[in-house]
1. Hey, among the residues in region 29-47 that are farther than 21 Å from I72 by Cβ and buried (at least 16 other Cβ atoms within 10 Å of the Cβ), which one's nearest to the chain's Cα centre (by Cα)?
2. For region 25-40, check the following and say yes or no: at least one residue is without any contact (Cβ under 8 Å) to a residue 60 or more places away in the chain, within 26 Å of P176 (Cα to Cα) and among the aromatic types (F, W, Y).
3. Quick one: would you say Q82 is out of contact with any strand residue (DSSP E or B) (no Cβ under 9 Å at 6 or more places or on another chain) and open to solvent by 70 Å² or more (accessible area, probe 1.4 Å)?
4. Being small (G, A, S) and farther than 14 Å from Y121 by Cβ is the filter here; which residues of region 131-182 pass it?
5. Quick check, is T128 among the hydroxyl-bearing types (S, T, Y) and either at positive phi or over 14 Å from the mean Cα position of the chain (by Cα) (or both)?
6. Checking T180 against (1) buried (at least 23 other Cβ atoms within 10 Å of the Cβ); (2) in contact with a Phe, Trp or Tyr (Cβ under 8 Å, 6 or more places away or on another chain): exactly one of these is not met. Which one?
7. Which one of the conditions (1) open to solvent by 40 Å² or more (accessible area, probe 1.4 Å); (2) modelled with pLDDT of 95 or more; (3) not aromatic (F, W, Y) does G51 fail to meet, given that it meets all the rest?
Amino acid sequence: MTLSCALTRLALAAGLFALVAGPATAANWTVDREASKIAFVAQQNGAPVEGRFEDWSARIRLDPEALEDAEISATVRPGSAQTGQPQINQTLPGASWFDTSSHPEATFTSQDIVSTGDNAYEARGTLTIKGTSQPFVLPFTLTIDGDTARAEAQVSLARMLFGVGTDVAPPAVADPVTVTLEITATR
């Protein structure tokens, strides 16, 4: 249950890293889906539940030398969350979790990307899950080698803030969920 919330948040975070594909003056990147992932870990009754989002996309325009032109847009389909546990996979799309029949997509958008140190950045934008939008900061590292970029991030997302898993309160399913992004892209 927390898994689905974590999956949604992970997918959103992954979308931010996938923002390596975008338009105009900053460098546009195309995400290599085979070399990228959006994953999550939720704690259920003290045990980790790991999963990943299988269906997501991102547009990324980013040049570390022209951050004023950077833009990230990511979409995750929470119904694609997979945990390797059929019961959890069936629960996540339900109304009290991701409610995918009413909210088939979670999104993250940012036009405010700032450097926070060597190869370290923050994408400041809006995360929308299950119809609830919140300001969201995604810290990530970025390494560019020629025409290949690799972004990585790990964030803690409060599932209850987005109304995910409302039928299971902490501590049965922990709040927050850890979302990990590993994005590889080419220009």
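The values are calculated or read from the model by the stated rules, or taken from the named source; none is laboratory data. What you see is a predicted model, and the numbers here were worked out from it, not measured in a lab. Don't worry about glycine lacking a Cβ; one is built from the backbone with ideal geometry, like all the others, and counts go over all protein chains shown. Areas reflect the complete protein model, heavy atoms only, side chains present, ligands, DNA and RNA absent. Shrake-Rupley method; radii C 1.70, N 1.55, O 1.52, S 1.80 Å.
1. Residue satisfying both the conditions and the ranking: V41.
2. Checked against the condition, which is being without any contact (Cβ under 8 Å) to a residue 60 or more places away in the chain, within 26 Å of P176 (Cα to Cα) and among the aromatic types (F, W, Y), region 25-40 yields no hits at all.
3. So Q82 fails the test.
4. Answer for region 131-182, where residues must be small (G, A, S) and farther than 14 Å from Y121 by Cβ: G131, S133, G146, S156, A158, G163, G165, A169, A172, A174.
5. When the stated conditions are applied, T128 does not pass them.
6. (1)
7. Among (1) open to solvent by 40 Å² or more (accessible area, probe 1.4 Å); (2) modelled with pLDDT of 95 or more; (3) not aromatic (F, W, Y), G51 violates only (1).
Residue by residue, here is whether (1) closer than 22 Å to S101 by Cβ; (2) touching a Gly at 6+ places or on another chain (Cβ under 7 Å) holds:
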site	(1), (2)
Q44	no, no
E50	no, no
F53	yes, no
W56	yes, yes
I60	no, yes
E65	no, no
D69	no, no
T83	yes, yes
